[in-house]
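Written out below as structure tokens is the structure these notes cover.
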Number of protein chains: 2
Amino acid sequence: MATGRTHRPATRSRGIPEATVARLPLYLRALTALSERSVPTVSSEELATAAGVNSAKLRKDFSYLGSYGTRGVGYDVEYLVYQISRELGLTQDWPVVIVGIGNLGAALANYGGFASRGFRVAALIDADPGMAGKPVAGIPVQHTDELEKIITENGVSIGVIATPAGAAQQVCDRLVAAGITSILNFAPTVLTVPDGVDVRKVDLSIELQILAFHEQRKAGEEVAAPEEAAGAVPPPPVAHRAPSAGPGADSGRQGPDGDVPAVMPA
Amino acid sequence: MATGRTHRPATRSRGIPEATVARLPLYLRALTALSERSVPTVSSEELATAAGVNSAKLRKDFSYLGSYGTRGVGYDVEYLVYQISRELGLTQDWPVVIVGIGNLGAALANYGGFASRGFRVAALIDADPGMAGKPVAGIPVQHTDELEKIITENGVSIGVIATPAGAAQQVCDRLVAAGITSILNFAPTVLTVPDGVDVRKVDLSIELQILAFHEQRKAGEEVAAPEEAAGAVPPPPVAHRAPSAGPGADSGRQGPDGDVPAVMPA
DNA sequence: CCATCTTTGTGCACGCGTTCACAAAGACAT
DNA sequence: ATGTCTTTGTGAACGCGTGCACAAAGATGG
């Protein structure tokens, strides 16, 4: 439902594939490291290894940016750092606000990777009045009431949500209404946003579950897992069996609303 | 170089596509929420909306698990929760160790999403002797020297790395040597691991850079960005110009080793 | 028991992303 | 200047993932 702006493929921006965009930061990091070691040029092979990808993929990725690189030699490190930075929009300043200053929010505020690129933490926002004024990572926390004002006055377009799942959508709505068009969501919830707003999600729980899946598969290869063992909850899909399980039955001792966010904001 | 075990496609496990596996946790969360509201059944349409995906995709995903679901009715919530949990391997206990107890490590230790599924924090490990014994999230931090012992004694197979980038690979090697086969890496580095070990990466900086790219694109649509403005570093790719930039030249004021990790472990 | 209606399960086509493999480009030596 | 050697840039093939569209399955009502 609802594609990007004027019914464009949404993905695929200026011809640069989304998958490529996602790898550019990886190349940039590797290149920055080389730059600091004053390495003048790199071959696609070397750089690919450093970035952990295939050299053919790397060359194709770079081909979308243009023909930088010299055949028989490789790529000029400094030049490439500049080109990728420009393509990613890192040559300009990006003020960012972090909403939800709990353990995670504080960790993010202290994150060194912010300032290293063009990102600048413009403000820390929390719903707890008790947090107001208290400095975290050298920046005083401000109350949620100030949210709209902070965003408009600082021209912030990127917001980071590190609140509990329950508050995420509400915060998201306010951010969007205030003018935010890019959101990095750490709360374990599916955010609904209008067209034109980008949302990227980071979910620890999901990552762990994916790992568990593969882990189980590895273990199962030898044991051939007891397919239909004496499971505790193997009720066949008999239709309409309404009062099957009251809350707290065998569905395990799980949190009240799915997951607790990465941290409690209070 | 080097595919999965006995030269298997590595991805594609038991016929369940990797993309599907990545979505199962999403479905599980939505289903858990429904379960807590004692909703007996859901249609693919409803569940898809709750999970933020397409209904056709959801049905196809479930088809890989088997034919649960009743035509004309939908899916039995409890039954599906059980099936997905089992498929993901969440019906068993997964002890996890977190290495690097800085801001981020502490935030992860406090993360409620751990315990809610089958994940249990077996130990917190840090290289700082001063941290030893100090409780974080109710669990005493142990020194890195104990790493191998902790892992083998608790039968831990999943490790979380929240150390600085510089220490990540070293920690990774020790974890793998000790028997860990799944790693969730928060350090901004490319980890090299032997076959059979899964690594998933969470990188805040990369996510922000991707957002910045799209953000810039949105802004550029109206201004038609000054392609070749009076940039500061537009050196054409003249080959071999070795001493182009000494450390700290115009490569910007960036961290010593690319990115600082999400947190300092000391 | 039959008709109708809802919703699943999936065959099929399409598009993106990955990889191979090689021709073109340029550096470098003679 | 010419030949050789290295490395890029890319055309083409392939495979995975997505979404459409519909037949089959089963519930529900008469």
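Computed from the coordinates by the stated procedures, all read-outs in this text should not be read as laboratory data. Model, not experiment: these values are computed from the prediction. Reconstructed Cβ throughout: ideal geometry from the backbone, glycine too, with neighbour counts over all protein chains shown.
Below, the figures for the structure above:
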{"read-out": "Residue of chain A nearest the A-to-B rotation axis [by Cβ], rounded angstrom distance", "value": "A:A107, 2"}
{"read-out": "Ranking of B:R23, B:R29 by count of other Cβ atoms within 10 Å, fewest first", "value": "B:R23, B:R29"}
{"read-out": "Calculated FRET efficiency for the pair A:Q92/A:A178, C-beta based, R₀ 25 Å, to 0.05", "value": "0.75"}
{"read-out": "For residues of B:45-55, the mean tally of beta carbons on other chains within 10 Å", "value": "1"}
{"read-out": "Gyration tensor (alpha-carbon) shape descriptor, the range B:94-204, a/c threshold 1.5", "value": "rounded"}
{"read-out": "Residues of type lysines that B:K57 reaches as a straight line, Cα spacing below 22 Å, ignoring anything fewer than 8 places off in the same chain", "value": "A:K201"}
{"read-out": "Ascending list, in nanometres, of distances separating the A:P135 label from those of the other copies (7 Å, Cα toward Cβ)", "value": "3.1"}
{"read-out": "Local electrostatic count at A:W94 - Lys and Arg +1, Asp and Glu -1, tallied over other residues with Cβ under 10 Å", "value": "0"}
{"read-out": "Global geometry of the range A:18-86, whether rounded, prolate or oblate, following the gyration tensor of its Cα atoms and the 1.5 cut on a/c", "value": "rounded"}
{"read-out": "Rounded Å value of the spacing that divides the Cα centres of the range A:95-145 and the range B:107-137", "value": "23"}
{"read-out": "Label-point gap, in nm, between B:A19 and A:S43 - each point 7 angstrom along Cα→Cβ", "value": "3.5"}
{"read-out": "Coil-residue chymotrypsin sites (Phe, Trp or Tyr not before Pro) of the range B:92-123, DSSP, other Cβ within 10 Å capped at 11", "value": "none"}
{"read-out": "Label point 7 Å beyond Cα along the C-beta direction, distances from A:G166 to other copies (nm, shortest first)", "value": "4.3"}
{"read-out": "Gain on full stretching of the segment that runs from B:Q170 to B:V73 - 0.36 nm per residue minus C-alpha separation", "value": "29.6 nm"}
{"read-out": "Separation in nanometres of the label points that stand 7 Å from Cα toward Cβ, at A:T192 and A:I139", "value": "3.0"}
{"read-out": "Local electrostatic count, B:I125, Cβ distance below 12 Å [Lys/Arg +1, Asp/Glu -1]", "value": "-3"}
{"read-out": "Cα gyration tensor shape for the range B:136-189, rounded if a/c is under 1.5, else prolate or oblate", "value": "oblate"}
{"read-out": "Inter-label distance for A:A219 and A:T152, nm, one decimal - labels placed 7 Å from Cα along Cα-to-Cβ", "value": "5.5"}
{"read-out": "By average C-beta atoms within 10 angstrom, highest first, the peptides B:65-75, B:81-91, A:31-41, A:94-104", "value": "A:94-104, B:81-91, A:31-41, B:65-75"}
{"read-out": "Loop-located GluC sites (Glu not before Pro) in the range A:119-227 whose Cβ has at most 16 other Cβ within 10 Å (DSSP)", "value": "A:E227"}
{"read-out": "Average beta carbon contacts from partner chains per residue of A:129-137, 10 Å cutoff", "value": "0"}
